[in-house]
Structures are given as structure tokens and as C-alpha cells.
Amino acid sequence: KLLKMYRESYSLMHSAGIISETLLKKVLWSDVRFENKINFLLGLFETALLLSERTDDDMGGNSNVEKKYLVPSLIRSISPKHQEELKRLLHCSWEEGIAPYKKDKQAKPISAKLLFSWLPPGLFDRLASVCIRNTSEESGRIAPNEVLYRIKVESLGPVPVQFCCDESLDIVQVTTLSCEGMSALAVVEDIQRTIDSILQNEMGLSIEAKVVILGNEDCTFFLSQVKKGMKEIAVKNTEGRTMAVAHLGMWLTELTRPKLECIKNNRLTYWKLSDAVGRLSPKEFEEKKESWKNDWENIYKTTDTELTDFNIQYESLPGEGKRQQLEELLKTLIEGPMKHLAGIWKDALKHYAGNKESKLEDYGSSVSTFFLDTKLHPLKVIDTWILSVYEKIRAVITKEHRYGIFLSHQGFKEDRHGDLDSRNKWIMGEIKERYQEKLKFSGGEPVSIFFDKDSLSAGDSQIESMLFSVCASDKVMVFLDKDFFARKWCLMEFFLAKQREKGVMMPFKIDLSCVPIPLPDDIVYTELADGSEATKEVIVRKLQKYFGERNREDYTDNC
């Protein structure tokens, strides 16, 4: 029965070693022992470099696309037929990758081996996870003991790198291109450093490796010996025989060429285990700002172009077309700038959790500095984009989007220990019950409250139901805790609420020591850390007076 129900997911697991989130939750980890522990277990496996979330390019930023996880160790257990297909696809990708360089007579494939005294089982799985973690289906491939990924070379574009790991022979063989503007040696050393990091930091091992370069006619040379004898007319191979330097083949050109730092955008170059598992110090974390800036510049270009095109076409669209285009643009904002900002703060929380000796403010200051960058102005730019969209939403919203109160919160997700945030859940539940009991319209009817857990129905458009209601509801209560700014949807609600007139946005802090995004100057937030009854009663009385002067007929019927 399960096989029929999840046939496609089973097929993907058995043919490519990729497990869907549905298969994990409904089948593989459906046992009661795993209840509320799924996110914790996924984080544990990702931290141990045993799986990687797939972020395929063809997802198009669609938040509704199901998450999938690549598990390199599964590939060894799939059928020989499927293993051969994965190898075929990898080798085809290699040929496609080197095709643009075949016209260049100086651009040739070049190989080297990393020869270890011994390699522990599981090294390949971890190395593959590092390489594949942030690459798409089109730019990265994996087959049994083989991985293909691409590095970005400024003067050339994407250059393929292929490595094969033979744990039985204690060898990792690396193949890439040797050409002008490209340093194959830098690639080999990059992989060697990554392996050393995995062995030392993840597996607790220190294993020496020798670099063996592959020359012409199957001649092999220890790199250390070749470097010493490059000025001579002959060098010794790995067997101790004296060979003419011409036998070095492409490596002769490679080693006489000035060493280039050409792989700065290679995903392995900046990869650190301490970053992957959340153990960067505040000073090390601050060094990531450069990559945040680069990503933001790309997001800015894409989003600004889409917003410009949207504004040009918008007025000529019919009413329903305007609503649909607004939803598409909001989706772009959520999956672009909001996702980027949320990801940065989420990363800060990860490293804060891994360094208990540091304070959240130590990481938050780096985030705030970037958000308030005086050259890029990310927050100022986002406010401009949101204001433009907000004005158009206000023009199409109806009574059905207007609630008395909209509750904006980060949701009840599993934390890093696999536990639901029961305290926040209790606070939200108590507030909703209190307001439903005490807040009435002028006719005595209860005030309508939007609480996503209760207000969203199957088939509803999440963007229209939630974001249009943020723009239409009389009061938007924003509950800020440390996870709020790590949620792209929460950020979208926050920026929309900021556009409302004074008095609409009502922010509350729940055990939040620092705020990465400054609140508007004319808004005062309320501390809920102590759960003060006096504070809550003051708020209730103000709301009672406000809604007691308003008619129920002016609001949505969705209570």
C-alpha cells in the first residue's frame, strides 16, 4: 500500500539515493519514537555531512516544492543498472562541461591523485556532501564513488571538477582542466584541505596524504619531488626512475605557470566544518559579510528588474489579473530578499547556539551592520519595494481580508533539540483566547482574529489569505522572538505591517535580547518576557475601547 502511495518517492530513493521529505515523515521515520524529532534528526545528519538538501535550479524558488535530501551512502546500495545510469549522467555532464574549452589547444584535462596512508569508510559520503550541498542538479552530479561539481573562474566561467574516491586503495583522484587563467593545482590543494578538515574535525583523524601527479604515458610523480627538480632536465617518477621533464605532460606547463588564486567562488574554498556545524566565533562569522553582499547584489538586480516589469504591465491588467500578478510578485519578494535576510539571521542563530560562551548580540551586530550597510542599503531598498506593492494590495483588498486583529508570529517549529516551542505556543494561545473572550464590536459580537493555525483552510492561497490580511486588518500584532527574523514569511508580514499607518502595528518582544532589523522610530514595543498581567490588561482595555466603536458588518465573516 505504501509503495503504491509513494511510488515516485520510492523510485527516486532506489534510483538516485534521494529521499523526499514526505517519504521520511510518512514512511521511514513515521514511528512514534520519531514524533517531533524529524527536524532534529535532519539537522544531525546534515551536521555529520551524511546528507545534503537538494536545491535544484528547476524549482524556480517555489516554496511549495517538496524538500529532497541526497544521501551519498544510499547510492552504493542501489541496483547496478541505476548505478551505471548515474555514472553515464556524470560522464555526460563532464563532457558537456569541457566542450566549450576543446577549441583551446592549451586547455586539456589534467589529473592528480591524493595518496593517503589509509582512508576510513564514510569519507567519500562526507566529501560528496560538501561538494553537492549547495550545487543544483544541473551543476553537480554524484555516482558510486564519483562526484562532479563546477567551480566559477572569473576569466573562464564554470569549469568542471571530477573526483573519484577509492577507499579500498586509499586514493582520491582529481581531474579538472589545465588552461590559461585556471590553476589545476589550486583545485587539487583545495580538495586536499577539505579532506583534511573532514578527517580532523568531523572524524577525529589525522592522516597524511601525498600528491601524485599523472603525466604522459601513465607516468606518475610525487609533486613534492617534482617541485624540487623543476629546474633540471629530468625528474624521478614514483618508482624512483629518472624521467625527462617532458613526461610531466600538461603538469609541466601547470607547474611553471604562476600559481593563480582563481577559485575564490568555488564552494569548497570557503567551506569550513565550523561553519557547516555552527561553531564560528563572532569574529569568524563577521567575515561572511562579503558573501552576503555578493548574494544581495544578485538578488537586487533580479528583483528590481521584475518589479520594474510588473509596474509597466500592471495598469493594463484586468482586476483578477492584477491580483494574480500581485501574488506572483509577493512570491518573488519572499523567495528573494526575504529568504536572503532570513537566512543570514538563521545562520547567526546557528552559530550562537554552537558557541554558548558568546552572546547573541555578538552575532547580531554583524547582521545589523550588513542590514544597515550605507552603500547597499538593503533595508531601505526593501522598504521601497514593499511600499510600492503595499499600495497596490490596498487597491484590491476586500472586506473578506479585513480582520480585527492579525497575529503575526514565527510559528511552532521544532527547535534544534526536536522539541516544540511550547512556551510561545502557550503565549499565543492565551492571547487569542483572552481577546476572543474580552474584545467585542459595538453590537456585542466577538472581534475577528486571524491566527494562521485556525484561519487557513485547505485550498486557500497562503499569499492572499495572509499577506492581504496584513494590509487590511485593523491591528497587526507582531510577536518578536529570536526565531521571528529567521522566517521569510514573518519578514514579509513585518515589512508590510511597517507600511501601515501609526497605531496599526503592535510589536511584542518575547525573550529577545537584540533585534537585527530596527523597529520604526514611532513604534514602541511591549515586553512579554515576564507575562505581566497589568501590561496585558492595559492593552486589552485600549482594544476594547477601539473595537467597541466599530461595526461587525465592516469585517470578514471568517472568524
Any strands (runs of 3 or more DSSP E) falling wholly within segment 194-256 and containing at least 1 residues that are in contact with a Cys (Cβ under 8 Å, 6 or more places away or on another chain), closer than 25 Å to residue 109 by Cβ and of a type outside the set (Asp, Glu) = 242-244
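Yes or no, residue by residue, for (1) basic (Lys, Arg); (2) modelled with pLDDT under 90; (3) touching a strand residue (DSSP E or B) at 6+ places or on another chain (Cβ under 9 Å):
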position	(1), (2), (3)
290	no, yes, no
296	no, no, no
306	no, no, no
315	no, yes, no
329	no, no, no
340	no, no, no
356	yes, yes, no
364	no, no, no
380	yes, no, no
Within segment 389-412, work out how many residues are crowded, with 16+ Cβ neighbours inside 10 Å and not in a loop (DSSP other than H, G, I, E, B).
-> 9
The correct count of residues that are outside any loop (DSSP other than H, G, I, E, B) and of a type in the set (Asp, Glu) in segment 148-175 is 1
Expected output for segment 538-559 (first residue of a type in the set (Gly, Ala, Ser), partner surrounded by 11 or more Cβ atoms within 10 Å (Cβ to Cβ), Cβ below 7 Å, 6+ apart or cross-chain) is 548/440; 548/442
What number goes with the only condition from (1) in contact with a Lys or Arg (Cβ under 8 Å, 6 or more places away or on another chain); (2) of a type in the set (Gly, Ala, Ser); (3) at pLDDT 85 or above that residue 209 does not pass?
-> (1)
Got a sec? Which of 112, 107 is surrounded by 12 or more Cβ atoms within 10 Å (Cβ to Cβ) and either at pLDDT below 90 or farther than 21 Å from residue 182 by Cβ (or both)?
-> 107
Write out, first by first residue and then by second, each pair whose Cβ atoms fall under 7 Å of each other, whose residues are 6+ apart or on separate chains, and whose first residue, in segment 192-207, is touching a residue at least 24 places away in the same chain (Cβ under 8 Å) and small (Gly, Ala, Ser) while the second is open to solvent by less than 50 Å² (accessible area, probe 1.4 Å) and part of a helix (DSSP H, G or I).
-> 197/273
Filter result for residue 429 (modelled with pLDDT under 85 and not in a loop (DSSP other than H, G, I, E, B)) | yes
Search result, residues across segment 5-45 that are in a helix (DSSP H, G or I), over 28 Å from residue 81 (Cα atoms) and touching a residue at least 60 places away in the same chain (Cβ under 8 Å) = 38, 39, 40, 41, 43
Sole miss for residue 276 among (1) under 30 Å from residue 217 (Cβ atoms); (2) among the small types (Gly, Ala, Ser); (3) at pLDDT below 85 is condition (1)
Of all residues in segment 67-111, which are over 29 Å from residue 9 (Cα atoms), in contact (Cβ under 8 Å) with a residue 12 or more places away in the chain and not in a strand (DSSP E or B)?
-> 97, 98, 100, 101, 104, 106, 107
Residues within segment 126-167 that are among the hydroxyl-bearing types (Ser, Thr, Tyr) and modelled with pLDDT of 75 or more, tallied = 2
Identify, from the list 488, 498, the residue that is open to solvent by 40 Å² or more (accessible area, probe 1.4 Å), modelled with pLDDT of 90 or more, touching a helix residue (DSSP H, G or I) at 6+ places or on another chain (Cβ under 6 Å) and closer than 24 Å to residue 387 by Cβ.
-> 488
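The values are calculated or read from the model by the stated rules, or taken from the named source; none is laboratory data. Here the structure is a predicted model, which is why all the values come from computation and not from measurement. Using ideal geometry, Cβ is built from the backbone for each residue, glycine included, and neighbour counts are taken over all protein chains shown. When the accessible area is computed, the model is the full protein with side chains, heavy atoms only, and any ligands, DNA or RNA have been set aside. Shrake-Rupley method; radii C 1.70, N 1.55, O 1.52, S 1.80 Å.
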